[in-house]
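What follows is a short report on a single structure.
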Amino acid sequence: MVSSVPWPLASFSEVGRTMTLIDFVCSLADLHKLVESSGTHAQLTGELPPTVGTPAQRALYRTVQEALTNVRKHAPGANACVELWQDGDHVGVTVANTPPTRPSLSLPGSLWRRHGKQRRHTAGWDPRRGPG
């Protein structure tokens with residue numbers, strides 16, 4: 001399994017009569033904690049330069065988050081490898097897993113599939129090049 005579709009996370013909260021967008025900041029520095037607390041046997045390898053911008057860091061973080069969630073749900077007991085990489089001016093992440101060691105549970109569908117195309121477009125995702 002390889003996952004590389006970024007998506008932003010935002011939440012709305014009401015303050016008086018106005019709605020305020022609260023953007024949760026997730027960065028590359030948070031990846032170690034995410035991988036360690038993923039509920040899977042996962043290993044993080046590779047490094048990215050400190051010049052990676054905040055939007056790209058969020059996209060990479062969310063990609064890893066979604067991929068590890070998918071491993072946990074659809075490949076129970078599998079080991080996962082999260083590899084950060086750089087190729088010239090492009091950065092990315094590859095998440096791969098071993099086969100499951102236990103049967104997966106039947107789970108309901110998610111909003112991810114229904115709204116994924118819109119999030120990919122908003123994040124500047126191009127399947128030929130990766131995140132924008």
**Q.** Of all residues in region 77-132 being part of a loop (DSSP other than H, G, I, E, B), modelled with pLDDT under 85 and small (Gly, Ala, Ser), the one that is surrounded by the most Cβ atoms within 10 Å (Cβ to Cβ)
**A.** Ala123
Q | Residue list for region 12-33, filter: among the hydrophobic types (A, V, I, L, M, F, W, C), under 24 Å from Asp87 (Cα atoms) and either modelled with pLDDT of 90 or more or part of a strand (DSSP E or B) (or both) | A | Leu31
**Q.** Selection count, region 56-70, where residues are more than 20 Å from Asn97 (Cα to Cα) and either free of Cβ contacts under 8 Å to residues at least 12 places away in the same chain or of a type in the set (D, E, K, R) (or both)
**A.** 1
Q: Determine, yes or no, whether Gln43 is out of contact with any strand residue (DSSP E or B) (no Cβ under 7 Å at 6 or more places or on another chain), in a strand (DSSP E or B) and of a type outside the set (Gly, Ala, Ser).
A: no
Q) Cβ-Cβ below 9 Å, separation at least six or inter-chain, first residue in region 89-108 and over 21 Å from Leu31 (Cβ atoms), second at pLDDT below 95 and among the basic types (Lys, Arg): which pairs? A) Ser104/Lys73; Leu105/Lys73; Leu107/Lys73
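Condition first: over 27 Å from Ser104 (Cα atoms), modelled with pLDDT under 95 and surrounded by 11 or more Cβ atoms within 10 Å (Cβ to Cβ). Can you find one or more residues in region 40-47 that meet it? Steps first, answer last, please.
Of region 40-47, the ones over 27 Å from Ser104 (Cα atoms) are 46-47.
Next cut, modelled with pLDDT under 95 only: 47.
Cutting the leftovers down to surrounded by 11 or more Cβ atoms within 10 Å (Cβ to Cβ) gives us none.
Checked against the condition, which is being over 27 Å from Ser104 (Cα atoms), modelled with pLDDT under 95 and surrounded by 11 or more Cβ atoms within 10 Å (Cβ to Cβ), region 40-47 yields no hits at all.
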Q.
Of everything in region 53-76, what is over 15 Å from Leu34 (Cα atoms) and either polar (S, T, N, Q) or surrounded by 16 or more Cβ atoms within 10 Å (Cβ to Cβ) (or both)? Give them in sequence order.
A. Thr54, Ala56, Ala75
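The values are calculated or read from the model by the stated rules, or taken from the named source; none is laboratory data. Just so it is clear, the model here is predicted, and its values are computed rather than measured. Cβ sites come from the backbone with ideal geometry, for glycine too, and all protein chains shown count toward neighbours.
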